[in-house]
Every structure is written in structure tokens, then in C-alpha cells.
1. If you scan region B:53-95, which residues turn out to be under 28 Å from the mean Cα position of the chain (by Cα), more than 20 Å from B:Val188 (Cα to Cα) and not polar (S, T, N, Q)?
2. Counting just the residues of region B:97-130 that are among the acidic types (Asp, Glu), more than 14 Å from chain A (Cβ to nearest Cβ) and open to solvent by 80 Å² or more (accessible area, probe 1.4 Å), which one comes out nearest to B:Ala85 (Cα to Cα)?
3. Quick test of your reading of the structure: A:Phe211 fulfils all but one of (1) surrounded by 18 or more Cβ atoms within 10 Å (Cβ to Cβ); (2) in a helix (DSSP H, G or I); (3) within 13 Å of chain B (Cβ to nearest Cβ). Name the failing condition by number.
4. Provide a single number: the residues in region B:49-84 that are touching a residue at least 24 places away in the same chain (Cβ under 8 Å) and among the hydroxyl-bearing types (Ser, Thr, Tyr).
5. Just checking, how many residues over region A:220-231 are surrounded by 18 or more Cβ atoms within 10 Å (Cβ to Cβ) and either assigned to a loop (DSSP other than H, G, I, E, B) or without any contact (Cβ under 8 Å) to a residue 40 or more places away in the chain (or both)?
6. In region B:186-221, what residues are open to solvent by less than 40 Å² (accessible area, probe 1.4 Å) and over 26 Å from B:Asn163 (Cα atoms)?
7. Regarding region A:82-95, can at least one residue be identified that is modelled with pLDDT under 85 and surrounded by fewer than 18 Cβ atoms within 10 Å (Cβ to Cβ)?
8. Return the total of residues in region B:131-160 being within 11 Å of another protein chain (Cβ to nearest Cβ), assigned to a helix (DSSP H, G or I) and crowded, with 19+ Cβ neighbours inside 10 Å.
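The values are calculated or read from the model by the stated rules, or taken from the named source; none is laboratory data. None of the values given here were measured: they were computed from a predicted structure. With ideal geometry, Cβ positions are generated from the backbone for all residues, glycine too; neighbour counts draw on all protein chains shown. We work out accessible area using only protein heavy atoms, side chains counted, and drop any ligands, DNA or RNA first. Shrake-Rupley method; radii C 1.70, N 1.55, O 1.52, S 1.80 Å.
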Amino acid sequence: MNRRSDAWLAYFMIFPVVAAVLAFVLGPTWDVATLSLTQFVMGQERGFGTLANFRALWADPIFPTVVRNTVIWILGGTLFCVVTGLAVGTFLAIDSKMTTALRALILLPWVLPDVVTAMAWKWMLHGQVGVIGDAFTRTGLTEKPISFLGDPNLVMWMLVVVLVWRKMPLVALILCAAIRSVPAEQIEASRMDGANARQRFRHVILPNIAFSLTAVTVISMIWITAEFTLPWVMTGGGPANASQIMSTYIYQQSFTFFNWGVGSAMSVVNLGFLICVVGLYLYVNRRSWAAGGSK
Amino acid sequence: MGSVALREIRKSYGAVEVLHGIDLDVADGEFVVLVGPSGCGKSTLLRSLAGLETISGGEISIDGASIVHLPPKSRDIAMVFQNYALYPHMNVAENMGFALKMAKVSKPEIDAKVRKAAEILSLTPLLERYPKQLSGGQRQRVAMGRAIVRDPKVFLFDEPLSNLDAALRVQMRAEIKELHQRLGTTIVYVTHDQIEAMTMADKIVVMKDGHVEQIGAPLELYDCPANRFVAGFIGSPAMNFIPARVQNGQALLADGTALAPAPAGLAEGLAFVAGVRPEHLMVTEQGAAATVTLVEPTGAEIQFVVDLAGTSVLVSTRDRVNLRHGDRVSLAVEPGRLHAFDTETGQRLG
Ligand SMILES: Nc1ncnc2c1ncn2[C@@H]1O[C@H](COP(=O)(O)OP(=O)(O)O)[C@@H](O)[C@H]1O
Ligand SMILES: [Mg+2]
């Protein structure tokens, strides 16, 4: 076989993947982008090349709430996921029989389907029949059961708690693996150099896992941005839009109210946000010593 | 000051004891080399001294004060690791200054100390570089610099040269030795390479299977090995061992040829293992007859293998002897260079 036909064979082999990416990623993205610039009235197309959808979005009184909730959801969720994941991962990295068993057990939340998780938590957090509220009153912590998902000030944070419960284990495992791959000699050298446990973590372990840490942060951020089932099944954006986030709002606008114009405009905003996240990731990695060698 | 005393050091991993009661004294300023085959417990002993391993029994003291219960950082000991263990995210200056930073030394003082150490090790132009951008020898020097800036009582080295190529190893060997002469700090140095031990040490500790086999100056070990293991381990090429017995004050080989006078004090008729270094065998007019089986000229010397009373024996000589496979030669031992070891225990008999 000559080099020329090798190349053709290679193109042929990757063609299905390229076609799939074009069909299922770039195609819909293009559709959403054009859709967001098309005006709809009662489900009927009424002219292309207008910013009316974005203007409508801007004027929507719920939009600020959605933005605020999405910030809590994405930034708060990512922050808590990574911070608790780092703490748990550090603990799991310790060598002992118990942590070896825990390393396997901790993945349990990952085995459950999203809907099951969401339903289970919805009922556990329920105002009248939830076991958590019940436990709180029994132990005398609260007078009467708290309606965790019914309280507009609480609901967003409850969603974040469930999100962390579900997403944190993998973050913890990835960071645990990263911590365990820090060369033992470096840790020992720093012990000889007089660093205490906190300083070893700060000056040796953290810099060594910086690459994994940024990667896992960005990946969590993307997961969380894309997560829809949990909030939709648990609250459906309620009560009274108090837990409405970008993904649930897009779904509601597009498929409950058939307000495709606004839905697609919101999707474009969402996409812009994701591009920023990935751009940040690439930028941070470019500067990372792990990738380049020097600052 | 930095004199170290180890008493009855024991170390077990679970049920397995890897150090079986080690005693060792290191005088202030001495360069001591622990040498022995891989897995004999050298690193474990060194790491116990550093405080990176907790010993199961025994006593470690520096300048008379016990340090067993002190954490590594309080022992005033610095260690150079085999893989250098440099922090990849810090540049050379930060690597070298890290211990001082942890000790809350002021910035200008850290800078001054790092500069001074860098000068000693000719690292000054590299201070801003990262470990990735350094060669093996340079990393090795940074690791040493990190130890030097702390100005500890004792330096520990764990096989520091084993990742370097042969030429660089010889150069770094000289540099470490020179550094020791310049700083005068006590050094405990671990290696499995007996040549490194012979060339660098004031005192060599030969270890095997968690026991100390012999402690002594390099030439003491060479001239007077305490047992067959030390005799075979120290010296290159290795010592020949030939079964023999004493008759009329002569060491008689299996076929009845007399090799040399037996060492004094050996009972008549005693069977023993005769040990002779290749460089102490001479080709003479008359002596034990042997057949040449292999000749290897190396330039400076000629090494050849002979069959001597059924034992394969290596001879090394600086004379330009003209030998070929199958030639008959007669061999003699330099006076006083025949060692005798017990057949069973391998202990030195004389
Ligand atoms: N963490 C450990 N757990 C169990 N056994 C160990 C451990 N570290 C070393 N050993 C054992 O202790 C013995 C001595 O090891 P080491 O001191 O590293 O030898 P050396 O440095 O002389 O090559 C070896 O038999 C090794 O298998
Ligand atoms: Mg070792």
C-alpha cells in the first residue's frame, strides 16, 4: 500500500465521526443560532435577521432571576463540588483499609439514574412527608418540618446540595488519584524541609495536582451547566420561578410555551457562557507548568 | 558538630524484620558510606536516621542527644534523594530556599544563603530555571544545594548518582568528595556500588540482609575482609575462592598442588576456603600449575582465566605476558595475600 492510499483510508475511517459531529453538534448549533435571530409569532416564522428575541429576553421580568439562579447553580455548584471533592479526595488518598473500601463505595451516587436521584431527594426533602424534615423535628432541631423545596430562599441552595451529592464523588476520585500520583519523594523532601501538613498541601500537593484541579473544575462546570434532569424533576423551576435556571427556562420556553425564539436566544447566551469557560480552561492550561515547563 | 550514634536499630514492616539490630558510630565530619546489595536495608537505615521511617527498636542520637522522638524537620539533617525530588513548580532558587522559607527566615537572608550555595555548586546562572530545564547533573547539584543552604549537622545521600551516566557519575563523585572537604559536614552516603564506596568513604559499612557485615576504612576492608561476603563484595574484579586444606604449613589445593604458605594459626589438616584477589596472583617460574582458558587484555592490564585444580580462577596482571588459550602457566600468590575463610560460616580464619 502506498502513502497516498493510506491517507485516503485514514480519511475514510474518520469520516463517520466527522459526519456525526457535523450532523449532531454543528448542525443544531447553527439551527439554534439562526433560530435566535428569527422572529416567531404564535409558532409562525415572521422574518429573519432581527434581535427581537434578545430584546424580549432582556425585557423578560424573570430573566434577572434566572441569571441569578444560574450563577448560584453553576458557580456555587462548581465551587462546592470542587472544594468538597478536594477535601474528600485528600482524605481518600490516605492509605488504609477503610479508604480503599470507601473509594469504591463513594461512586454509588453515580450508579443511580438522574431521575431516581431527583425523585428520591424530592421526597426526602418534602415539606410534609420528607424524612429529612421529619428527622429535624424529631430531634427538636426545628419546631415544624421545613419545606426545603417550597421556600424560595432555600430552594436554590437545596438544589446545589443535591447536585454536589451527585457530582462530587467523581471529582473526589479524580483528585484522589492525582494526589496519590504526587511523587512520594517530593512529600518526603518537604517533610525534611520542615513543611507541616498544611504547608505540604499548599506548597507541594496543590501545585502538583494543579493540572487535574483546573481540568476537573472546568469539566464540572460544563456538566453542571448541562445538567437538566435534577432541577427539572425536583422543582420544575418552582416555586414561582424561584429555582428557574437557564436549562429549565430554555426547556420551559421552548417546549411548554413553544416560545422558540426566546428559548433559542437563551441557548445562545448559554453557549456564549460555555465558550468562555472552555476558553478560560485552555488559557489556564497554556500557562500551566505541567503543559509547558516554564511560566 | 554532627556525630551520630546508632544503637541496636531494628525495623520491621509488619511481621518482616528488615533491620536486625544495627550499631554504628559516625564521628563529626566523617564521610561514611553504607554499601551492600540491593534490598539489604541501606535506604531503610538512612530513612530511619532521617526520621522518615519510625524504627521498631533501638536508639539514635546526634551529638549525644536522642532524636528518635523528633520529627524529620527537628533533627537538623538534610537528605539528597535518588530521584532528586525537586519541586517541579519552583525554580532553582525557590527549590533551594524552600526549607528556609518554611523556617520563616527573612527574604534577604534566604537570597543571600541561596546565592552562596549556588556559587559553591556553580549554579548561579541557573537560579531562574525550572527543574525541567536542567540536565541530570544540574538537578543533582540543585538537590545538593537544597541540602547545603540549611547548614545541617548531617547530610544524607541515598544513591544520588545512580541516575547519571558513567562519565557524569565519576565527575559528581569527585564533586561530592570536594564538597565534603570544603564544608566538613558529616555525611552518611548510601550506594550499592563498591567502587563509589571505596573512592569516597572515610569509613565503609558493608551491609547484607539487614545485618552489618563489617565496618572499616576502605583499605582495611580490602586488606582484611572479615568474611567471605565482604571479601567478594569489595574489590574489582572480585576475589577468587578456591577450596584448600592445610598440610605442612602449605595451602594445598584439591589436586594436591601447593598454592602458597597457609596463613599462620591454621590447624594442620584443616579444610578452608582460600581467597586470593586476581591482582595478587603472579605468573612465575615455579608454582601451582594451571591451564589458561580465556585471555582478556584491557590495555592497562591483562586479565586471564585459568583452570586451577578444577576451579576457574581470574588473574589480573600489569605485566605484558604473552598467553593464549590452552597455555600452561605456573602461578604464585604475593606473600601475605592469601586469605582463609571458614568453609561453613565464611568467617575469616587468617
Ligand atoms: N514500605 C515497605 N514495606 C515493606 N517492605 C519494605 C518497605 N520498604 C522496604 N521494604 C523491604 O525492606 C528491605 C530493605 O529495603 P531497602 O532499605 O530499600 O533496601 P536497599 O536500599 O538496601 O536496596 C527490602 O527487602 C524491601 O523489600
Ligand atoms: Mg535503596
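1. Within region B:53-95, B:Gly57, B:Leu86 meet the criteria.
2. B:Glu119
3. Among (1) surrounded by 18 or more Cβ atoms within 10 Å (Cβ to Cβ); (2) in a helix (DSSP H, G or I); (3) within 13 Å of chain B (Cβ to nearest Cβ), the lone unmet condition for A:Phe211 is (1).
4. Adding up the residues that qualify gives 3.
5. Adding up the residues that qualify gives 1.
6. B:Gln214, B:Gly216, B:Ala217, B:Leu221
7. yes
8. 4
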